[in-house]
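Chemist: Structure below; questions to follow.
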Amino acid sequence: MPRFSVIVPAYKVQAYLHECLESVLSQSFEDLELIAVDDCSPDGCGAVIDEFAARDRRVVAVHLPGNAGLGPARNAGLARATGDYVLFLDGDDTFVPGALQAVADRLKETGSPDLLVYDYARVYWSGEAVRHEFRAHLSEAGPAPFPLTDRPGLLKVLMVVWNKAYKREFLEREGFAFPPGFYEDTPWTYPALMAAESIATLDRVCVHYRQRRTGSILRTTSHRHFDLFEQYERVFAFIDARPELARWRAVLFRRMADHFTSVFSARGRLPRGTRADFFRRARRHYRRFRTPGATPKFTTRLRHALVRLGSHRAYRAIMAARALKKRAGQGVSTAARAVRGALLQLHYRVQRCLPLREDRAVFAAYWNRGYACSPAAVEERVRELAPHVRTAWVCGPEHFHTVPPATRRVRPGSAAYWTALARSKYLVNNVNFDRRLVKRRGQLLIQTHHGTPLKHMGLDLQYRPAAARDMDFARLLRAIDQWDAVVSANRHSSLVWERVYPAAYRTLEFGSPRNDVFQRATAADVARLRETLGIPEGHTAILYAPTHRDYVRPQPHLVDLERLLRALGPRFVILARPHPTHGSPFPVTDSPRVIDVSDHPSVERLCLASDALLTDYSSLMFDYAVLDRPIVVHAEDWAAYDAARGTYFDVRAFPPGAVARTEDELIDIFATGHWRGSRSAQLRAAFRARFCPYDDGYAAERVVRHLFLGEDLAALPPVVPMEDRRPAPSLGGPGAALFPAPR
């Protein structure tokens, strides 16, 4: 008897079925049977199911003689289920990696309840993934299992069959079966929740619910949407047969009325000429099943009252009026924004006519996302070495907390923002300022960039359409013409910047200011950071930071972090850090040894807290090398990345450490200790010598002394030799004992 029986009905989903079945069979939890039901699909679904059944003994292929519909197809799978628990998955949806292991663990933790409800995410055809709005009801806080009376909010979660695991004994005891017709989930899920004596929740995305552009049953124009009325009749018949469930009648009455109005209002569901009939039937059901006790908000009560009166014309008129009011409000808002924008630009013009403030500097980084990177390092040194210069930082209010108290916070697009851009002598950024910036005579615009380039940048992207997308190269050239100075980390960067950003600025090879902290931080600083992140004492922390792929959506997840942890051993943790433009987080994992640091404001502090870096083609490897700690490069899709984005050298030929070309090689590198071996240390030393010659902890000071204080280049602090540098120490456990790089 397997632990799980996973039932997958299939009808006209041949394009998605292979991915669906593979997502089940590739789960790390293998104690399952997969019952795939071909609902007499006219496409290749049956052949796909037979192919999987031939290759994996866990697959049970069921072929129905005629098209029966989704409900009867699931019943056919139920009749063959032998598992302790039954799970459902539609043929165009998928389980996320590790989902079944998480379900099994939660069932064990909660004493094998009748029902386990878990989370899902809608995945749109564009690749965007969105969790549902009522996920707070799936919190695992509090006692579990519990009856529905303890958590009635679960009735607000989408009433679908595939976000739950059902104890098979419970289903057989209650005699549950799916009815025919559309909306077959309704008379199954409500009764299951009400009848379950014990329920548990799992606050984890286990299913990716595909939102297809076309082909969805519920988006099909059909008279079968009238099946909804019969489905709710079945729900109330279930309640009427069990007097102890009468308490739920008012709640379900409201849910029914909401469901009727949502189907009536949805475009393209009801055939032309049937809307009045649908509304009349909704009125009859409203009057038939009306139950006092539901107290929705005013707008909902208004909709329900119109259903009760059966006035579909009034309903449509009011809904149209509300939509018109909303559009009118949007138009007014658009006009107001246009007027405000025009006034701000007038304000900017006026401010540009006023004298420059020689003692003012304005900073920004990463498109105003907060206090970070080299501009932050320079701003800090300005306050220390040039206290007569008053500094301001541009960022959104949600990032104000990252800015030091002594620094003025400026909201992008505000009057203060345009005043700062017009009147400040010094403008510092690691990207470009607003495209409407007009640099005045006497202003100094300092470009720090944000990393050493491995991938193609600037004008080189003219020949990389997958990466450039809609980049306006003419606007880019206008922006770089305003740069006065570019801070470069090394000679490689200088050669690249001057070619791909051709303009009359000065290149200053001072090192990367954001890396100063690696030389200045102490062991106490590192220990404090590790404690803040929750890294257990004596454990080794691996920072996993992959780069962004411009050419693919959603972003691929090429490393199974849980598998990697099994190879590393119990005294390792992984700090998981997706790229800021990654678009989606890493797959959710319940492992306490995977620490999600995607929202941490400072990647430099994450580097300090970690003991080694695992990356692919991220420029973070150039910065991390300053710490002289192990770096492992996972280059599984190098050919695709190099072809689509373009690179300035083959990192596999000149790496900062061990290189893995597959996940198996990656596991082997860590399992054998090669990641911190003498050969890796030699590679890192050569890499540091080439790309970190000036990163001695004084890069920001050189920028401030030369550009803010006017000191000659010869008077600047000399570069500390590599052998005399003492980067912040690694504080990992015994497993992180590092081989020092050869001197």
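Chemist: Looking only at region 15-73, which residues are under 23 Å from F178 (Cβ atoms) and among the hydroxyl-bearing types (S, T, Y)?
Modeler: Listed by number, the residues that qualify are Y16, S23, S41.
Chemist: Could you grab me the full set of residues in region 591-625 that are among the basic types (K, R) and closer than 22 Å to L565 by Cα?
Modeler: Listed by number, the list holds a single entry, R593.
Chemist: Filter region 155-180 for residues that are touching a Leu at 6+ places or on another chain (Cβ under 9 Å) and at pLDDT below 90; which is nearest to E230 (Cα to Cα)?
Modeler: For region 155-180, the residue satisfying everything is M159.
Chemist: Still on this structure, please answer the following. Can you spot a residue in region 153-171 that is under 30 Å from R275 (Cβ atoms) and outside any loop (DSSP other than H, G, I, E, B)?
Modeler: Looking for residues that are under 30 Å from R275 (Cβ atoms) and outside any loop (DSSP other than H, G, I, E, B), one finds at least one in region 153-171, hence yes.
Chemist: Taking R74 as the residue in question, decide whether it is under 25 Å from the mean Cα position of the chain (by Cα), in the same structural domain as E174 (by TED's automatic domain parsing) and in contact (Cβ under 8 Å) with a residue 60 or more places away in the chain.
Modeler: No.
Chemist: Just to check your reading of the model, which residue among R381, R409 is of a type outside the set (V, I, T), over 21 Å from A479 (Cβ atoms), in a strand (DSSP E or B) and in the same structural domain as Q447 (by TED's automatic domain parsing)?
Modeler: Within the list R381, R409, the selection yields R409.
Chemist: Would you confirm, using the coordinates I've provided, whether A372 is under 19 Å from V704 (Cα atoms) and at pLDDT below 95?
Modeler: yes
Chemist: I'd like the residue in region 578-602 that is closer than 17 Å to T402 by Cβ and surrounded by fewer than 20 Cβ atoms within 10 Å (Cβ to Cβ) and, out of all such residues, is modelled with the highest pLDDT.
Modeler: S602
Chemist: Need a quick list: strands (runs of 3 or more DSSP E) entirely within region 589-679 having at least 2 residues that are within 30 Å of Y120 (Cβ to Cβ). So that I can check it myself, show each step before the final result.
Modeler: Numbers: elements: 594-596, 612-615, 631-634, 658-660.
Output list reads 594-596.
Chemist: Which of the residues spanning region 116-131 are at pLDDT below 95, of a type outside the set (V, I, T) and within 21 Å of G153 (Cβ to Cβ)?
Modeler: Correct list: Y118, D119, Y120, A121, R122, R131.
Chemist: Any idea which of A714, A689 is surrounded by fewer than 18 Cβ atoms within 10 Å (Cβ to Cβ), outside the structural domain of L543 (by TED's automatic domain parsing) and over 27 Å from the mean Cα position of the chain (by Cα)?
Modeler: Just one listed residue meets the conditions, A714.
Chemist: Considering H492, H548, which residue is in the same structural domain as E380 (by TED's automatic domain parsing) and either touching a Leu at 6+ places or on another chain (Cβ under 8 Å) or not polar (S, T, N, Q) (or both)? Write out each step before concluding.
Modeler: On the way: H548 fails: in the same structural domain as E380 (by TED's automatic domain parsing).
Matching residue, one of H492, H548: H492.
The values are calculated or read from the model by the stated rules, or taken from the named source; none is laboratory data. Everything quoted here is computed from the prediction, not taken from an experiment. Because the Cβ atoms are built from the backbone with ideal geometry, glycine has one as well, and the counts that use them run over all protein chains shown.
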